[in-house]
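Report on the structure given below.
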Amino acid sequence: TLNAGTVGGGTCLNSGYVGKATVSITGGTIQGQFLLSDNYSLSSDHCYFTMTGGTIDNTNLGAIGASSYPRLKANGGAIYMEDPNGTVEISAGTIQNCTGSTLGGAVYMTNGTFTLSGTGKIQDCIATSDGGAVYLGGGTANVNGGSLGDSGHPNKANRGAGIFLGSGTLSVTSGSIG
């Protein structure tokens, strides 16, 4: 079990830009908020988050400024990605119990590609505004399997309890958005 308030990453390039943050989760139980940022425009220098197993359970994750396990960002209860070409892929594992986010109860992305497939799940996450499970400002959201909540474990938001997509393309070929 990894207990951390915020886990962040990126590479400071010579020009002062930040890029190439990569996170891969294959198992275990994690409590924390992952911050991935890339303000560099090269398509090869962007952030990747992949989850092929394990659990991110943020039941006890604190608010910004909390004394125990605080978050650094108000958006994205588990994943905060600020990248014009970022990629989040969840094919297995569970993200759950993310609360207190304004945008994106579990996942916040400014732009890029979000893909849920296989047996991946996002459940019991709450955003006070948009995107109970996922907030994607612009880009492509693919649901090719997995689950974005169900009647027993719903995600909640004022708009888009499953996915809020500001602009772009939503493709659902299988899986469920509950």
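Where the accessible area of segment 34-178 is counted over protein heavy atoms with a 1.4 Å probe, how much of it, in %, is carbon and sulfur? C and S fraction of accessible area: 48 percent. Phi angles across segment 87-97 convert, under the Karplus curve 6.51 cos²θ - 1.76 cosθ + 1.60 with θ = phi - 60°, into 3J(HN,Hα) values of 9, 10, 10, 10, 10, 7, x, 9, 10, 8, 6 Hz, Gly and Pro given as x.
Considering only V134, S68, T22, and ranking their Cα positions along the charge dipole of the chain that arises from unit charges at the beta-carbon of Lys, Arg, Asp and Glu, the one farthest toward the positive end is S68. Between the labelled values (1) 0.95; (2) 1.70; (3) 1.04, the entry that holds Rg/Rh (Cα atoms, Kirkwood Rh) as derived from this structure is (1).
Toward the positive end of the charge dipole of the chain, about the Cα centre and with charges on Cβ (Lys, Arg +1; Asp, Glu -1), which of I90, V107, H153 goes farthest? In the chain, that residue is H153. Counting only Cβ charges, +1 for Lys and Arg and -1 for Asp and Glu, the dipole size of segment 74-178 around its Cα centre is about 180 debye.
Note on exposure: I95, I177 ranked by accessible area (1.4 Å probe, complete protein assembly) read I177, I95, with the most exposed listed first. Residues V23, V143, V172, sorted by accessible area with the largest first, give V172, V23, V143 [1.4 Å probe; ligands and nucleic acids excluded]. Solvent exposure of segment 40-128 amounts to 37 Å² per residue of accessible area, where only protein heavy atoms count and the probe is 1.4 Å.
Using the crude model of +1 on Lys and Arg Cβ and -1 on Asp and Glu Cβ, and no other charge, please compute the dipole size for the chain relative to its Cα centre, in debye to 20.
Its charge dipole is roughly 180 debye.
The values are calculated or read from the model by the stated rules, or taken from the named source; none is laboratory data. Since this is a predicted model, take the numbers as computed values, not measurements. Neighbour counts are summed over all protein chains in view; Cβ atoms, including those assigned to glycine, are modelled from backbone coordinates with ideal geometry. Heads up: the accessible areas ignore ligands, DNA and RNA and are worked out on the full protein's heavy atoms, side chains in. Shrake-Rupley method; radii C 1.70, N 1.55, O 1.52, S 1.80 Å.
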